[in-house]
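To keep things clear, I will list the structure first and then write my remarks on it.
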Amino acid sequence: MRVDIEQKILAANDELAQANRARFAEAGVFVVDLMASPGAGKTSTILATIEALRDRYTIAVIEGDIASKVDAEKVRAHGIPAVQINTGGACHLESAMVARAVDTLELETLDLIIIENVGNLVCPTDFDLGEHAKVMILSVPEGHDKPYKYPNIFQVSEAVILNKYDTLAVFDFDEAEFRSVVSDLNPHAPIFPMSATTGDGVEAWAEWLAARIEGARRTSS
Amino acid sequence: MHEAGIAAGILTSAIDAAGKAGGSRITTVDVTIGVLTEVLEDALQFAWDAAIVDTIAEGSTLAVTMIPARSRCLDCGHEFGHGRYDGTRCPSCEGYVVELVTGRELVIDGIDID
């Protein structure tokens, strides 16, 4: 017997993502999903962002990793609540995992949740978590050709952080070509060259994020 | 292994639909997948074979239809096929305001059950 379904494969994930989105809106909290390769500097970027914005916003972090809790411990050492999700082998976060993590946070007290997705340039792109914005980090040592190889992640991101910019001189990274390809893929995404560890360039990224948070508040009120 | 999550999603929907239709065994599952989803058909087949073990879909065939990427230019209306990363500019008028028509599908079309 033939049964027609005609349903999105990730419908279950999308429905839970919408439920997350409604919860975030009700609590008035802005959620950003940071995606990057392993070692691109996601945790360092989060720590730098916290330092730049902690006077203005109450922040929490959701850390996604295949295993371990070292990232959550680094964030907690800065006095910021952090929940560690261990995906146990999965290469990306799904909305159900985020929902469980959010259960452990005092959502009403927060202005901003930063989600650190699992280090991967492919898998996180198709999974809606209910976030307001996906942002990706590419680090200079990874090379300027990455947008050719992983176009999807550059297209779904609202902004691109070019991290480890202080190492530009020692790597064969063609910034002009990188900018040109990213702008072809995603003409509206700003690119923020920065060094999360030295702090250079962090302000421009943090101000963009703050403007995005304020914008979301205006549209919801 | 992004395909493992996709395979699990397909299986959940298929078993759910089979249960509602009163089926006890799933023999075929038809899915449509756009090339821009970065799902590799071989990897998906591999993940499917692993996911269906000890379920009512064990031994079933996953029939995959891959859909190429196409976009439409909102300036001149030209519709064009393209690759994974070169679809953001109209080849006819060189405009940048284009809308994706196909290529990001992730749809379970239907199943055959006994």
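General remarks:
- Of the accessible area of chain A, computed with a 1.4 Å probe over protein heavy atoms only, carbon and sulfur atoms account for 51 percent.
- Within the assembled protein chains, the solvent-accessible surface assigned to A:D103 is about 100 Å², based on a 1.4 Å probe.
- Using the Cβ-Cβ distance between B:R84 and A:V170 with R0 set to 30 Å, the FRET efficiency works out to roughly 0.45.
- Extension reserve of the B:T12-B:V53 stretch, reckoned as 0.36 nm per residue once the Cα distance is removed: 13.4 nm
- Relative contact order for the stretch B:60-114: 35 percent, from Cα pairs under 8 Å spaced at least 6 residues apart, divided by residue count.
- Estimated FRET transfer efficiency when R0 is 41 angstrom, pair B:C93-A:R54 (beta carbons, to 0.05): 0.30
- Taking every protein chain into account, the accessible area of the protein assembly as shown amounts to 43 square angstrom per residue (probe 1.4 Å).
- For the listed residue pairs A:K134/B:K20; A:K8/A:K134; A:K69/A:K134; A:K69/A:K149, the alpha carbons are over 28 angstrom apart in A:K134/B:K20; A:K69/A:K149.
- The contact residues of the stretch B:4-44, meaning those that lose at least 10 Å² of 1.4 Å-probe accessible area when all protein chains sit together rather than their chain alone, are B:G5, B:I6, B:G9, B:I10, B:S13, B:A17, B:A21, B:D30, B:L36, B:T37, B:E38.
- Additional length obtainable on full extension of the chain from B:R70 to B:R25, 0.36 nm per residue less Cα span: 12.6 nm
- With all protein chains in place and ligands, DNA and RNA left out, the 1.4 Å accessible area ranks B:M66, A:M136 as B:M66, A:M136, largest first.
- Radius 9 Å from Cβ of A:A17, net charge of other residues (Lys, Arg +1; Asp, Glu -1): -4
- On Cα atoms only, tilt of B:41-51 relative to the major axis of chain B in degrees: 20
- Cα→Cβ-extended label distance, 7 Å offset, between A:E6 and A:Y148, nm: 4.2
- Net charge dipole size for chain B [Lys, Arg +1 and Asp, Glu -1 on Cβ; Debye, nearest 20]: 260
The values are calculated or read from the model by the stated rules, or taken from the named source; none is laboratory data. All values reported here derive from a predicted model rather than from experimental measurement. With ideal geometry, Cβ positions are generated from the backbone for all residues, glycine too; neighbour counts draw on all protein chains shown. All accessible areas refer to the heavy atoms of the entire protein, side chains included, with ligands and DNA or RNA removed. Shrake-Rupley method; radii C 1.70, N 1.55, O 1.52, S 1.80 Å.
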